Each structure stands twice: as C-alpha cells, then as structure tokens.
Amino acid sequence: MIKDINRLKLIGNNVEDLKIISAYCQDSIVKIKDIVYLKENKIFIMMLSRFMWEDIEKGVFRNYKRIKSVLKFNFIEGVLAKNINQQQENRNIELLAIKSNYNQDNLHDINLIFSGNSIILIKAEEIDVILDDQEFFWEVKHSPKHKI
C-alpha cells in the first residue's frame, strides 16, 4: 500500500546538521547506479531507499516504512570510493553513517560509511547538503537490525 505523508526536507550547513541528516539516513539502501558525481557542477548526488526512523522516534509503532530520498552535496572538489565496484551497478549497499572532519587542505572530508567496509569520501569546500524525500512511502516487513 502506498500513501502520501509529510516528507522530510532537511538542509545542512555544518557538522551538527550533518549528524542529524546522518541519523535520518541510517540504514538507507542505495543502488550503486544511483550514486553520481557531477564533477563539472561540483555536485554529488545519491538516491536512497530511506528507512523512516522518524515514526519510531516519535513513538509511532505502525508498520515499518521506506521512502525514496535524494541526498545532495554541493561545492564538491573530489570523490573517492573504497570497496565499491562501479561495474556492479545493480548491487545494493547499505548506508550506515555520515561523518565529517576538516582536513589540512582546508576542505571538509565527508565520509559516507556503508556496510561491507565500503566508504565514499567526498571532499567539499563547505558543508552544503540536502536530504529531500520524493514521492510516497511504502511499507516493509522488517526494521534494520545490526549485530553488536
């Protein structure tokens, strides 16, 4: 069943904002072909199948849901990937966290950390990120679970 909802649209401009966006993106499923770096435009963009943690956060214990979301970073100087085979474009990877630090080149190193020890390092002039839900949510049977 597909339903309309209040969609999230979060804008981040600093490390604290990025931590909040990271929490909402935790356990998102990403298809490798839906990760794009537009070098000429200095944009990194990724389509997510985002688990809707906000329902659980609010104490709403209905069915679990996912929604398509766009995660967009602006002012990008470079992108590096580790343990992501771009030839396997239909493979899904799971986004676990987004972390950032300032490096010696006066750029922000933004790490997108995925399951399977996969990482995308985004080098940004500044933190300028948007998480924007698209379309409608759909119900799923399970919530993400992690071994401790």
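The values are calculated or read from the model by the stated rules, or taken from the named source; none is laboratory data. Predicted model, so just to flag it, every value in this text is computed and none were measured. A quick note on method: Cβ atoms are made from the backbone with ideal geometry, for glycine too, and the neighbour counts reach across all protein chains shown.
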Number of positions in the stretch 98-148 that are basic (Lys, Arg) and within 16 Å of the chain's Cα centre (by Cα): 2
Residue check, Glu125 more than 16 Å from Leu71 (Cα to Cα), touching an Asp or Glu at 6+ places or on another chain (Cβ under 9 Å) and at pLDDT 95 or above: yes
Top-ranked residue of the stretch 93-113 - restricted to ones that are surrounded by fewer than 13 Cβ atoms within 10 Å (Cβ to Cβ) and part of a strand (DSSP E or B), ranked as modelled with the lowest pLDDT: Tyr102
Ser100 being among the small types (Gly, Ala, Ser) and either free of Cβ contacts under 8 Å to residues at least 12 places away in the same chain or closer than 26 Å to Lys9 by Cβ (or both): yes
Asn85 of a type outside the set (A, V, I, L, M, F, W, C), touching a Lys or Arg at 6+ places or on another chain (Cβ under 9 Å) and without any contact (Cβ under 8 Å) to a residue 40 or more places away in the chain: no
Any hit, the stretch 59-71, residues being loosely packed, with under 15 Cβ neighbours inside 10 Å and either at positive phi or touching a residue at least 40 places away in the same chain (Cβ under 8 Å) (or both): yes
Counted residues, the stretch 84-97 - those being among the β-branched types (Val, Ile, Thr) and over 15 Å from the mean Cα position of the chain (by Cα): 1
